[in-house]
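Written below as structure tokens is the structure these notes are about.
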Amino acid sequence: MSLDTLINTLPGYAKDLKLNFSSLVRQNTELTAQQLWGTIVASAIATRNAELTAAAITEAATVLSPEALEATKAAAAIMGMNNIYYRFHHLTDNPKYATLPARLRMNALRGHNVDHNDFELWCLAVSAVNACGKCVASHENVLRQKGVSEELVNAAIRVTSIIHAIGVVLDSEKAIPTVTA
């Protein structure tokens, strides 16, 4: 199913999501095509909604290079792991954990073959979905140090919020029992 078809299946109560998708994603002027579609794919993967992820990847494959699409998936995968690990560090009151080595392989953070800022932006998007404060702060800081504006970061997070909300609605609609009169 195409992404637009999927968006059009959203119920009436999600009209704002349809409108925001149309205006902030389809008419995006702030992000490059690679930044936008990488953010969409990484965010869709982070929602764990299979329909949304499949539609996003299918459409992104027409825009992104194979390397960029693979890097987007790598960002979602590595942050899926890191967000749990570092969110635990953030949530625990025991400071000892912060002194222990992670011993987690994170080669994807350097071996992705795309613009470093784009990859960081995708890592930030996934970290926002996964609510990892440490990772959000770290990736936002790296982006700002590399000269990325708050406006660009905000545009990516705005897209992330729309994609996440669409995934939530799609999942909730599957869970709602059919009521017959």
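The values are calculated or read from the model by the stated rules, or taken from the named source; none is laboratory data. Please read these numbers as outputs of a predicted model, since none were measured by experiment. Using ideal geometry, Cβ is built from the backbone for each residue, glycine included, and neighbour counts are taken over all protein chains shown.
Hey, could you check segment 86-130 for residues that are of a type in the set (Asp, Glu) and not in a helix (DSSP H, G or I) and say which is farthest from the chain's Cα centre (by Cα)? Spell out how you get there, then give the answer.
Here is the first cut: in segment 86-130, the residues of a type in the set (Asp, Glu) are 93, 115, 118, 120.
Then drop every residue that is not not in a helix (DSSP H, G or I), which leaves 93, 115.
Details: ASP93: 28, ASP115: 17 Å.
Taking the candidates together, the pick is ASP93.
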Which listed residue is outside any helix (DSSP H, G or I) and loosely packed, with under 14 Cβ neighbours inside 10 Å, from THR5, THR62, THR58: THR62
Checklist (1) within 13 Å of the chain's Cα centre (by Cα); (2) under 17 Å from ALA33 (Cβ atoms); (3) surrounded by 18 or more Cβ atoms within 10 Å (Cβ to Cβ) applied to ARG158, failing item: (3)
Subset of segment 1-37 (residues that are basic (Lys, Arg) and either at pLDDT 95 or above or over 20 Å from TRP122 (Cα atoms) (or both)): LYS15, LYS18
Which numbered condition ALA98 misses (of (1) out of contact with any His (no Cβ under 6 Å at 6 or more places or on another chain); (2) without any contact (Cβ under 8 Å) to a residue 24 or more places away in the chain): (1)
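Taking GLU151, is it in contact (Cβ under 8 Å) with a residue 24 or more places away in the chain, surrounded by fewer than 20 Cβ atoms within 10 Å (Cβ to Cβ) and either within 25 Å of MET81 (Cα to Cα) or out of contact with any helix residue (DSSP H, G or I) (no Cβ under 6 Å at 6 or more places or on another chain) (or both)?
So GLU151 passes the test.
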